[in-house]
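Peer 1: Got a structure for you, questions after.
The values are calculated or read from the model by the stated rules, or taken from the named source; none is laboratory data. Predicted, not measured: the structure shown is a model, and the values here were computed from it. Positions of Cβ are backbone-derived with ideal geometry, glycine not excepted, and every protein chain shown enters the neighbour counts.
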Amino acid sequence: MTRAFLKNRFALTGLVFIIAIIIFSLFAPFIAPYNPSHIDTKNILTSPSKDHLFGTDTLGRDIFSRIVYGSRISLSIGFIAVGIAVLIGVFLGSVAGYYGGKIDSILMRFVDIMLCFPTLFLILAVIAILEPSIFNIMVVIGATGWMGVARLIRAEILTLKERDYVAAAKVMGASDSWIILRHLIPNAIGPVLVSATLGIGGAILVESSLSFLGIGVQPPTPSWGNILMDGKSTLGVAWWLTIFPGIFILLTVLAYNLLGEGLRDILEPRLKDE
Amino acid sequence: MNDKILEVKNLKTYFYTSQVIRAVDGVSFDIKKGEVFGLVGESGSGKTLTALSVLKLINPPGKTIDGQIIFDGADLLKMDEDSLRDIRGSRISIVFQDPSTALNPVFTIGYQMIEAVLAHQKVNRVKAKGLSLEYLNKVHIGQHKKVFYDYPHQLSGGTKQRVSIAMALVNSPELLILDEPTTALDVTIQAQILDLLDEIIKEEHLSIIFISHDFGIIARMCDHVGVMYKGRIIEQGEKYDIIKNPKESYTRNLLESVKALS
Amino acid sequence: MVSYIIRRLFGLVPVFFGITIISFFVIHLAPGKPTDIQTSLNPKVSYEARLRLERLYGLDKPAYLQYLDWVKRFATLNFGSSYVDDRNVLDKIKERIPITLLINILSLILILCIGIPLGIISAVKRKSVLARLSTVFVFIGFSTPEFWLALLLMNLFGISLGLLPISGIKSLDFEYFTLTGKILDVARHLILPVAIAAFGSLAGISRYMRSSMIGTIRQDFIRTARAKGLSQSQVLYKHALKNAILPVITIMGLSIPGLIGGSVIFESIFAIPGMGRLFYDSVMARDYPTIMGILSIGAILTLLGNLLADIAYSYADPRMRMTGND
């Protein structure tokens, strides 16, 4: 399978870029020339120069440094939020798929109900009530994004649980949770992996939207979204505030999407035709 | 005066995937006018693909790369798409194996029948409807007037297959290809459809290519037989010759699997 | 089909209750009473206002009574009065809904008119330049933050090129325009917001249409259609399309909550006085009654949208139209 992975251009490109951006964020202190919170009132809104690669913002802070440190925030929020969503989704979906019957109906009804709320509305409402903090943001994005994963796992388990090795395990007296955890979930994980990868991209988009609106990561902590917040008020004057953070968001999410689609091609082979 | 309706010479259809699959590998046979020619073999022997190649309905990654298919003096493989379309469904028709997937689920039976007529005959809709009803009746569909307005999912397998047969006959073709027409049906229905086909063969003066894996059915319906194995015809001839003196061991095995023939 | 609709409507009842439960849960997420955070930080809120609030949420009653109260109020759409200006929440929402609905409907139309043909073409002419371009477009579409695109387009069309207005839905001298002038003025103001609103979903729908089309073309009845001697365009645009479009209808229904939620973003960027903008302002001001009101109405709109999509689907697919008499 590693061979198939290496042959798939999408997945490869995506992965390479993701690794690059992760390294970028890990080595932030070494890469960033300035302290991202360092206010320099003498250099407000300067355009990109050799002193300030991406220019400065309304408080004179170096945008390049803010973007470098911001990558840590945006990436970790994306990752953990999706982690939470996958945990919730895999748990609920496998229980629903395995036990079937009433439990299944109730859980799937729950999924339907959650899907009725416009996600951004729900997230905004909850964060408004709970007050924005990085932790809250991660949890809320995760708690509103598990539904797709749940459905996927449930569908996989519904087919897998009829397989012989499940019957064999039952005969040998394996407990339900053992069967689910050791036999079913590992085999069902394919589509979930795809969904999770694509989901990280989605979570990064949501977080940056929240931060842009002012209800996400609060300054001075930099996040790609809240750097763009200044971009709105300086429209037309300071193009660098808008262009650079946006490009980083675009490229990172694109990388995750490419990786996800590539994984999908590998893990869910369809009849290849011209 | 050529008494042959179809001459297939050295037909080769290959599939180009990670390997090259020689699905039809040098198949040749002739069909006389009014004859019922049986193509028998196990699944995967290339029977269906041979039939599809005749009508040039092979999709990529498959390609017919060699051979000639002479119909009415012209080589079908060298024909342009427009002329081929004139022939498909009007001079050469085909009935497929699985009636439940062969019909479009969102159009009524009547719509699909009329469509078949209007594609080839310059008549108005009223005449087309009349013709459709006539053929639905010919295939002995009970309540054919009601079925005309039905959707495929409302009908049984047997009825749907009758519809497919009617649709193939409505433009009075010269050659009818039947690809395992009874395989997907219940045994009792199978017998009914075969009776219907007997009747049609007598009434409509067609030439027929009958494809099946069941030698019993082939023996019942056909005059000449070709035995296919791995993309080639390994034995060919009059039905009784083959049954009495099968030359190939494979043919003998096929015959043995049909206990009725002794 | 009628029986199907009735069954669906009955199925909505538990969903409706589910929505009330979840929204109730949301209100009570705040540590302490929902009133505390808001009011204790806000010295301007008088003692009377606090009492009114507590009575509104029935916080002085036990939990299950509070819930029943909430259900009653939800059903009658009584969301109380806004903290910000003390006006009835429902009235405030009613003023704003038309604009939001207008923009969303227009963007749905745009998605249909562009996304579906794009998907069909990339399915039918797989190797063409257009198909490859649309794949690129789709990937970029999925990856671009909507608000960023909005800023870019505002910059380009509004400021640099000066072609389109960048805020509000009317120009300052709106009153002096003729009727056609007024319509054109609103239209000009709406071009960018509708384009942004449509953008994200456009990519998704065209991709979905493409895969639906590809899947349909592989089916047996397409082979039958070709064997009947039908032309390529008849086969594709009659037989294949009519089947392939069915799941797309469902997907369009499912994209409605996304459109409604997205209105928060582009309405605040373009200063459109719609429901999304009201929501954003309420969130910023921690105006809980309005927040809950819009959240609930958003859920109801989504329900209605899905119902409409389901009805459209059951009409289009003959297998649904009759309760199978097989």
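Peer 1: If I filter segment A:194-201 for residues that are under 30 Å from residue A:44 (Cα atoms), surrounded by 23 or more Cβ atoms within 10 Å (Cβ to Cβ) and at the interface with another protein chain (Cβ under 9 Å from one of its Cβ atoms), do I get at least one hit?
Peer 2: The answer is no; no qualifying residue exists.
Peer 1: What do you reckon, is residue C:159 more than 27 Å from the chain's Cα centre (by Cα), within 14 Å of chain B (Cβ to nearest Cβ), in a helix (DSSP H, G or I) and among the hydrophobic types (A, V, I, L, M, F, W, C)?
Peer 2: no
Peer 1: Starting from residues that are surrounded by fewer than 18 Cβ atoms within 10 Å (Cβ to Cβ) and small (Gly, Ala, Ser), keep the ones in segment B:101-144 and report whichever is farthest from residue C:237 (Cα to Cα).
Peer 2: If we take residues in segment B:101-144 being surrounded by fewer than 18 Cβ atoms within 10 Å (Cβ to Cβ) and small (Gly, Ala, Ser), then B:142 is farthest from residue C:237 (Cα to Cα).
Peer 1: Separate question: For residues in segment B:75-93 being over 22 Å from residue B:25 (Cα atoms) and assigned to a strand (DSSP E or B), which is farthest from the other protein chains (Cβ to nearest Cβ)?
Peer 2: Residue satisfying both the conditions and the ranking: B:92.
Peer 1: Taking segment A:231-242 only, how many residues are of a type in the set (Val, Ile, Thr) and either crowded, with 19+ Cβ neighbours inside 10 Å or more than 11 Å from chain C (Cβ to nearest Cβ) (or both)?
Peer 2: Summing the residues that are of a type in the set (Val, Ile, Thr) and either crowded, with 19+ Cβ neighbours inside 10 Å or more than 11 Å from chain C (Cβ to nearest Cβ) (or both) in segment A:231-242 gives 1.
Peer 1: Name the residue, out of A:87, A:75, A:6, that is surrounded by fewer than 15 Cβ atoms within 10 Å (Cβ to Cβ) and modelled with pLDDT of 90 or more.
Peer 2: So the residue among A:87, A:75, A:6 that is surrounded by fewer than 15 Cβ atoms within 10 Å (Cβ to Cβ) and modelled with pLDDT of 90 or more is A:87.
Peer 1: What number of residues in segment B:94-107 are more than 7 Å from chain C (Cβ to nearest Cβ) and either in a helix (DSSP H, G or I) or of a type outside the set (Val, Ile, Thr) (or both)?
Peer 2: Of the residues in segment B:94-107, 4 are more than 7 Å from chain C (Cβ to nearest Cβ) and either in a helix (DSSP H, G or I) or of a type outside the set (Val, Ile, Thr) (or both).
Peer 1: Given the conditions (1) within 17 Å of the chain's Cα centre (by Cα); (2) surrounded by fewer than 22 Cβ atoms within 10 Å (Cβ to Cβ), report the number of the one that residue A:262 does not fulfil.
Peer 2: All conditions are met except number (2).
Peer 1: Select from segment A:56-76 the residues that are of a type outside the set (Lys, Arg) and over 24 Å from residue A:233 (Cβ atoms) and list them in ascending order.
Peer 2: Correct list: A:75, A:76.
Peer 1: How many residues are aliphatic (A, V, I, L, M) and either more than 20 Å from residue C:67 (Cβ to Cβ) or not in a helix (DSSP H, G or I) (or both) when one looks only at segment C:280-293?
Peer 2: 3
Peer 1: Please give the number of the condition residue A:175 fails out of (1) without any contact (Cβ under 8 Å) to a residue 60 or more places away in the chain; (2) crowded, with 19+ Cβ neighbours inside 10 Å; (3) not aromatic (Phe, Trp, Tyr).
Peer 2: Residue A:175 satisfies every listed condition except (2).
Peer 1: Would you check which residues across segment C:275-298 are within 19 Å of residue C:151 (Cα to Cα) and either in contact (Cβ under 8 Å) with a residue 60 or more places away in the chain or more than 7 Å from every other protein chain (Cβ to nearest Cβ) (or both) and list them?
Peer 2: Hits for segment C:275-298 are C:276, C:277.
Peer 1: Mind listing just one residue for me: the one in segment A:94-152 that is assigned to a helix (DSSP H, G or I) and aromatic (Phe, Trp, Tyr) and, of those, farthest from residue A:83 (Cα to Cα)?
Peer 2: Selected residue: A:99.
Peer 1: Taking the condition of being at the interface with chain A (Cβ under 9 Å from one of its Cβ atoms), more than 23 Å from residue A:120 (Cβ to Cβ) and surrounded by fewer than 17 Cβ atoms within 10 Å (Cβ to Cβ), how many residues in segment C:97-155 meet it?
Peer 2: Qualifying residue count, segment C:97-155: 2.
Peer 1: Looking at segment A:205-223, which of its residues are among the hydrophobic types (A, V, I, L, M, F, W, C) and facing chain C (nearest Cβ under 9 Å)?
Peer 2: Across segment A:205-223, the qualifying residues are A:205, A:212, A:213, A:215.
Peer 1: Let me ask something additional. Any residue at all in segment C:191-200 that's within 13 Å of another protein chain (Cβ to nearest Cβ), crowded, with 17+ Cβ neighbours inside 10 Å, part of a helix (DSSP H, G or I) and not aliphatic (A, V, I, L, M)?
Peer 2: Yes; the residues of segment C:191-200 include at least one that is within 13 Å of another protein chain (Cβ to nearest Cβ), crowded, with 17+ Cβ neighbours inside 10 Å, part of a helix (DSSP H, G or I) and not aliphatic (A, V, I, L, M).
Peer 1: Could I ask something else about it? Can you tell me which residue among A:250, A:254, A:258 is without any contact (Cβ under 8 Å) to a residue 12 or more places away in the chain, facing chain C (nearest Cβ under 9 Å) and assigned to a helix (DSSP H, G or I)?
Peer 2: A:250
Peer 1: Oh, and also: For segment B:108-155, what are the residues that are more than 14 Å from chain C (Cβ to nearest Cβ), within 21 Å of the chain's Cα centre (by Cα), assigned to a helix (DSSP H, G or I) and of a type in the set (A, V, I, L, M, F, W, C)?
Peer 2: B:136 - this is the single residue of segment B:108-155 that is more than 14 Å from chain C (Cβ to nearest Cβ), within 21 Å of the chain's Cα centre (by Cα), assigned to a helix (DSSP H, G or I) and of a type in the set (A, V, I, L, M, F, W, C).
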